[in-house]
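Report on one structure; see the data block that follows.
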Amino acid sequence: MENETRNIPSEKPFVNYVERPWGSFKQFAHNTPCTVSLMTVQPGQRLSLQSHTGRAELWIVLDDDAEIQVGEEIRKYKTGDEIWIPVTEKHRLTCKSDHPIRVLEVAFGNWQQDDITRYADDYNR
């Protein structure tokens, strides 16, 4: 099942917003196969500048001051922001704040380490 070919959306999938008497919730992958990861980047650290051939990713920022590069654009994001990273798009998460930055990653397609292409990496991987 790990190497099964799965659909990789070309655009950010529909996010269903549901209201309830107690508040609301968002469904980011309603009955859709995906892999969900919680990434934590420590102050002064960053991910490699990378892309993937087997997945697209939706990043949901959980902490203010996340610095995220998608393609050639680098921007600061705040809690609740959603960033769509298409398949093969270069991207990187950097923590320049004095507190860890967390991002919830919802990956569509086949999540596997060997689909990573690294363009720059602080850890020589």
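The values are calculated or read from the model by the stated rules, or taken from the named source; none is laboratory data. Predicted, not measured: the structure shown is a model, and the values here were computed from it. Cβ atoms come from the backbone with ideal geometry, glycine included; neighbour counts cover every protein chain shown.
Observations
- Selection within segment 62-98 - β-branched (Val, Ile, Thr) and touching a Leu at 6+ places or on another chain (Cβ under 8 Å): ILE68, THR79, ILE83, ILE85, THR94
- Among the residues here, GLU67 does not qualify as of a type in the set (D, E, K, R), in contact (Cβ under 8 Å) with a residue 40 or more places away in the chain and surrounded by 14 or more Cβ atoms within 10 Å (Cβ to Cβ).
- Here THR35 meets each of (1) within 24 Å of ARG125 (Cβ to Cβ); (2) at pLDDT 95 or above with one exception, condition (2).
- Residue in segment 62-82 that is at pLDDT 95 or above and in contact with a helix residue (DSSP H, G or I) (Cβ under 7 Å, 6 or more places away or on another chain) present: no
- If the condition is being without any contact (Cβ under 8 Å) to a residue 60 or more places away in the chain, in a strand (DSSP E or B) and in contact with a His (Cβ under 8 Å, 6 or more places away or on another chain), then segment 84-125 contributes only ILE85.
- In summary, strands (runs of 3 or more DSSP E) completely within segment 1-75 and bearing 2 or more residues that are in contact with a His (Cβ under 8 Å, 6 or more places away or on another chain) and not charged (D, E, K, R) occur at 49-52, 66-70.
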